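FYI, it's all coordinate maths here, none of it is from the lab. On a predicted model such as this, the values are computed, not experimentally measured, just so you know. Using ideal geometry, Cβ is built from the backbone for each residue, glycine included, and neighbour counts are taken over all protein chains shown.
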Amino acid sequence: MREATAIAHPNIALVKYWGKRDLRLNLPAVPSLSLTLGGYRTRTTVTWGTSRDEIVLNGLMGDDPKVRRVLDLVAPGRPGVRVESDNDFPTGAGLASSASGFAALVVAAAAAAGRALSVDALSALARRGSGSACRSLFGGFVQWPLGTEPDGSDSVGVPIAPADHWDVRLLVAVVSEARKDVGSTEGMTRSQETSPYWPTWVAMGPGLVDRAREAVLARDLAALGEAMETSTFAMHATMHTAVPPLLYWQPATVAALHAVFALRRDGVAAYATMDAGPQVKVLCAAADAERVRAALVPHVLRVDVHAPGGPARLVP
Ligand code: 2P0
């Protein structure tokens, strides 16, 4: 038996992935661009060669078919595997736990299996578990392009700037720690199949990623913030106009958004994004983080402040 442990951080999309053009390979309908978060982490230990599969997620036995599928892809014809994974943040609540989870899983599993895979190959494997996980192999700012290869091998995370490129903070205003009712995959499918705004959303994707990448490279917070908010509100428009509608927002979500807009009226460059959950994430310069945190705190359960995080990696 061989054992390996990896840690990975979740990432938050500044330009969103929402929709698939290939369900089996988990290829996206739109390109996306993310920031890896320094302050949350998943830690996963994989033991290779057990008598049967055993999957323990946050101390609970779990039998996630996606975990087994990714393990099968790491080493076809594999033996039994034990996976033990812990998050130091809420799971399944729109905080990208599946991104860090599958990124840590592939890094630990490949090492435990004795397979020397390139980081691109690891990113493609993580994508098969959860699309956004392909971005969490890398630290800092990461793009996930559409790719053109039929097997999806070029639709993997591409680092565009490391964690120390820009001294920004991403604040997570936690509105609820409950698991979401409608998972991302189901939400995407419903939006794709029923929202009249879907073609517009898909058409907007490439331009938004280009604008965001240029803004990151130029460290232009206003330009990045505008692309970010356009992406978020366009994505939520496809959710709100799905049949039946998908409304991940809670009253505190809206209150936190208004707090961000009020900060901007007061001259603070803070910009919001949301995922498939009620939390509001806010990007700002490091120097403004305390002021932004103080403006959000009255509306939500708590506010976590993140510096940019590093790549997924093996740990002793
Ligand atoms: C993102 N989200 O870009 C987008 C924005 C949520 C909203 O990626 O179906 O768990 O497993 O590929 O990656 C969350 O969905 O979805 C997500 P699957 P995933 O971060």
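Descriptive notes on the structure:
- Taking all pairs of distinct alpha-carbon atoms in the chain, Kirkwood radius in angstrom: 19.5
- Size of charge dipole - the chain - debye, nearest 20, with Cβ of Lys, Arg +1 and Asp, Glu -1, no other charges: 260
- Normalised Debye scattering of segment 1-143 at q = 0.21 Å⁻¹ gives log10 I(q)/I(0) of -1.30, counting only Cα atoms as equal scatterers and leaving out solvent.
- Our summary gives segment 126-187 a relative contact order of 25 percent, counting only alpha carbon pairs under 8 angstrom and 6 or more residues apart.
- For the chain, relative contact order (Cα pairs under 8 Å, six or more residues apart, normalised by length) works out to 25 percent.
- Mean residue ellipticity, 222 nm, helices only, the chain: the sum of -39500 (n - 2.57) across DSSP H runs of n ≥ 4, divided by residue count and rounded to 500, is -11500 deg cm²/dmol.
- Mean-position separation - Cα centroids, segment 260-309 and segment 129-202, in angstrom: 20
- About its Cα centre, segment 1-57 has a charge dipole of approximately 180 debye under the convention of +1 per Lys or Arg Cβ and -1 per Asp or Glu Cβ, with nothing else charged.
- When the Cα positions of Thr5, Leu23, Gly77 are compared along the charge dipole of segment 1-81, Leu23 comes out farthest toward the positive end, with charges on each C-beta of Lys, Arg, Asp and Glu.
- Taking every alpha-carbon pair in segment 104-259 and binning the separations at 10 Å intervals from zero gives 9, 28, 39, 20, 3, 0 percent.
- Computed packing ranks the peptides 230-236, 15-21, 134-140 as 134-140, 15-21, 230-236, most packed first, by mean other Cβ atoms within 10 Å.
- With kT/(6 pi eta Rh) evaluated at 10 °C and eta = 1.306 mPa s, and Rh the Kirkwood radius from Cα pairs, segment 208-250 diffuses with a coefficient of 139 µm²/s according to Stokes-Einstein.
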